[in-house]
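Here is the structure we will look at.
The values are calculated or read from the model by the stated rules, or taken from the named source; none is laboratory data. Just so we're clear, the structure is a prediction, and the values are computed from it rather than from any experiment. Note: ideal-geometry Cβ built from the backbone for every residue, glycine included; neighbour counts use all protein chains shown. When the accessible area is computed, the model is the full protein with side chains, heavy atoms only, and any ligands, DNA or RNA have been set aside. Shrake-Rupley method; radii C 1.70, N 1.55, O 1.52, S 1.80 Å.
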Amino acid sequence: MPVSARAARGSAANRWRTAHDAPRRNGRDDRVTRLTLLSPLPGWVSPLDEVPDAVFAGGMMGDGVAIDPTGTQLVAPCAATVLSVHAARHAVTLRTDDGADVLIHLGIDTVALGGAGFAVRVAAGQRVAAGDPLIDLDLDRLLAGAASMVTPVLVTDADAFEVVDRHPGGAVAIGEPLLVIAPRAIARAAADAGDGAAVARDVVVPLAHGLHARPAARIAEAVRGLDARVTIAKGDAVAPATGVTALLALDVRHGDTITLRASGPDADEAVERLATLIGSGMGEAGPAAPTPAAPPAPAPALPDGMLRGVTAAPGLAIGTARWLASRDRAVARDGAGADAERARLDAALAQVRAALAAATGAAAAIMAAHRALLDDPDLIDVAQRQIAAGRSADHAWRHALRAQADTLRATGNPRLAERADDLLDVERRVLAVLAGEGDDPAAPAYPAGTILLADDLLPSDVAALRDGAVVGLCSTRGGPTSHVAILAAGLGIPALVAIGGPLAEVAEGATLILDADAATLAVDPAPGVVAAARARADAAAHRRAAVLAAAADAAHTRDGVRIEAFANLGSLADAQAAVAAGAEGCGLLRTEFLFLDRATPPDADEQAALYCAVADTLDGRPVIVRLLDIGGDKPAPWLPLPAEENPALGVRGIRVGLRHRDVLDTQLRAILSAGAACRIMLPMVASVAELTAVRGVVDALRADMGVAHAVQVGVMVETPAAAITADLLARHADFLSIGTNDLTQYTLAMDRGNDGVAGGVDGLHPAVLRLIGETCRGAARHARWTGVCGGLASDPLAVPILIGLGVTELSATPALVPEVKAAIRAVTLADCRDLAARAVAADSAAAVRALARDFAGGMAA
Ligand code: PEP
Ligand code: MG
């Protein structure tokens, strides 16, 4: 029979094991993709249109097949929950774990028998496994009394699921594959892929977290507008590339091989674009992120009233318990006509899209992912069908999102279950607009000192907390990598998730100590415990307030040495965050973000507009613009570089610009026209000739463009060659800035993206520190300054060592600038030099870290 090969592989020993029940293979869970329903009766299969009843034959009850039974027991076709058994005992409805509703209707017009001939073995709400008895049949009696015992087996929720394969007809044994069903988006994508796929390519996914919501949104964006049908497959499961939720349901993880397929006029380009985009790591390449542990089983309350959870955002808070008010709203089922409801939905989606686009800071990326959900053609499609069937826009939108959220939850993957909350959040925003409440879900006003408790929190619950009244968050469910966790950390609100059932016992108004660092929640603790926690929280708040209050001031060591604290930027939003955090300039503008993920490079005007916007935001502070750093692990689709056996040692960084002079000239023109604040920095330099060549181009362009202001040209020290010849480079460079990420990988010969060596890639290795010291000495010989713009500059433990080695500028991620300044202010140059001398003489990175920790402990004491 032509049902899927996977189902057909079933042997007598595992005849009841459906695809859904199948054990996870290779640790992967592919159960959301397709579900095989096994025959619940022995008999003779016929197509639905041969059923002697117009309602069933016309497909009005759903899609499936019919069985003329020869056996005396109806059994469950898959693992499911019994939704209902008809009072006349002739029909049973089951809901599968993926949310599909299956109706088995024993005979035609058998309702008239009033239950005679049927003995029911289950009750509504009961869990059944495939093969469990549902109803016993007295077949002789039934055949005597009923017009027909032909039994339709149907999937009734045609909006969400469809039959993708079915028994061809003829004899069937109980437990043989009967129907294969799949979520509608996946089924359609599979059909598309099988239908004239012209181009296909396998890609291994290098993203540490796999294809989660944000990469999925970028993938959808990358192929939008192309004249091609594009799908992505993992194993048997297929999703359209434009369907964000269907992509999520594929559960693609780090290291998975996926197949990109496209057909249509732009098929080649679509596959090329996606292969390049995904292969680049999309800025998230790295070792596999550990899969978050499933939420722990409900933790019993400890004897002293302590509950345990999972830390989602660090910190300590003492406050009063307040439960989140219910946010479920009632919606009308029926609409006021399809045209009117369609217009309402379109308008609401447009309004929410615009509101989400206005998000800034940490929320911006999350809201961009939510925007992609609003554009997901599969969600829109399901909603439109509902509207066409007479439903209100509100009902249709909820129906579409809940079905997808259920699909994600059914994967059993905690990370995907977290994404289901994003869907519910998008549902809530759109329903609020449809109800005329506006697009900014305002938080209810909570009293000061509230610790907000909820069964589950949505991103908008957290994003709306603006007045500082809520000091902590706790939820029964949720996960530590959710968007709620990112937003809470961004707002500095401690959060504990996955506390489990015992949280429900916490009474409104209870006194709580939320110690997110220790992952505990103390309920109504003794007054002495509260007082001690308050003292700790006050000290921490005092320190943090002092760090933030001083963020705008220049940083000097205790003995008066000035160290500049700059920020690394990758977007205009970063520039705003950097200024707010007290950055004194930009030490590294990663211009790649403007060049990747697109079919053609930006022209000089587009580039200049962006550089000007960043410079304007930095308001006179210096902006060090790094020349395009592509090649290696950062390919760009518009500049096909030849395949290289070892791209990390191939044409990358400044080597690309020197071979593609049009690209270099265009970028330099854009920087030169963006004003005097902009400086130029060359990536991946290995020899003086590269620097002098670029300097020559800069001078020629300045003359050609009539640029009067002096332009500083500096070098990134990312290769051991550059570090060791820093004195030679410094003769021609205005400054040196050490990229410790690449310098570490090239010094230690350890790929920064390879999990196998991840444990060893530490910039505090004495070999890297000696090269940093060598760089500072070489630069000083020509009175040039040395900065660090690699990850080490954002590590407060490393800051004293870098200062001791001679670094005078640190360029960190914007959020960490205040902490970097605090670390500078805590030390003296003499102590830093002493620490650095001991660090370069240590025999491992671990030994250096131990020294640095001791040093930090001594400073704090
Ligand atoms: C570095 O290598 O340290 C650096 C700052 O550059 P990137 O991380 O962008 O390669
Ligand atoms: Mg680098």
Worksheet item: Which residues' amide hydrogens lie under 5 Å from the amide hydrogen of C586, considering only partners 5 or more residues apart or on another chain, with H built in the peptide plane?
Response: A567, V623, I624
Worksheet entry | Shape call, the stretch 723-861: gyration tensor on alpha carbons, a/c limit 1.5 | rounded
Practice prompt. Whole Å is fine, so just give me how far the alpha carbon centre of the stretch 142-182 lies from that of the stretch 723-782.
Written response: 67
Worksheet item: Tally Lys and Arg at +1 and Asp and Glu at -1 over the other residues with C-beta under 15 Å from the C-beta of A581: what net charge comes out?
Response: -3
Item to complete: Could you rank the peptides 37-50, 610-623 by their average count of other C-beta atoms within 10 Å per residue, with the highest value first?
Response: 37-50, 610-623
Response to the item:
Taking placed amide H atoms and a strict 5 Å upper bound, the residues 5 or more places from A241 or on another chain that come that close are V230, T231, I232
Worksheet item: Could you give the distance between the Cα centres of the stretch 474-529 and the stretch 585-635, to the whole Å?
Response: 41
Practice prompt. Starting from the Cα of A332, step 7 Å along the direction of its Cβ; do the same at A389; then give the gap between the two resulting points in nm.
Written response: 2.0
Fill in: Protection proxy ranking, peptides 445-455, 389-399, average beta carbon neighbours within 10 Å, highest first
389-399, 445-455
Worksheet item: Based on the mean of other beta carbon atoms within 10 Å per residue, what is the order of 549-560, 75-86, most packed first?
Response: 75-86, 549-560
Worksheet entry | Under Karplus coefficients 6.51, -1.76 and 1.60, residue-wise ³J(HN,Hα) of the stretch 463-479 in Hz, glycine/proline x | 4, 7, 7, 10, 8, x, 6, 8, 10, x, 10, 9, 9, 5, 10, x, x
Practice prompt. Give me the distance in nm between label points sitting 7 Å out from Cα along the Cα-to-Cβ direction at R825 and D538, one decimal.
Written response: 2.1
Worksheet item: Once every DSSP H run of n ≥ 4 in the chain is given -39500 (n - 2.57) and the sum is divided by its residues, what mean residue ellipticity at 222 nm do you get, rounded to the nearest 500 deg cm²/dmol?
Response: -11000 deg cm²/dmol
Discussion item. As a test question: what accessible area, to the nearest 10 Å², does H105 have when a 1.4 Å probe is rolled over all protein chains in place?
Written reply: 30
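Quick one: dipole size for the stretch 188-279, taken about the Cα centre, charges +1 on Lys/Arg Cβ and -1 on Asp/Glu Cβ, in debye to the nearest 20. Display every interim value, and only then the final one.
On the way: 10 positive and 12 negative charges, 60 e Å.
Charge dipole of the stretch 188-279: 280 debye, to the nearest 20.
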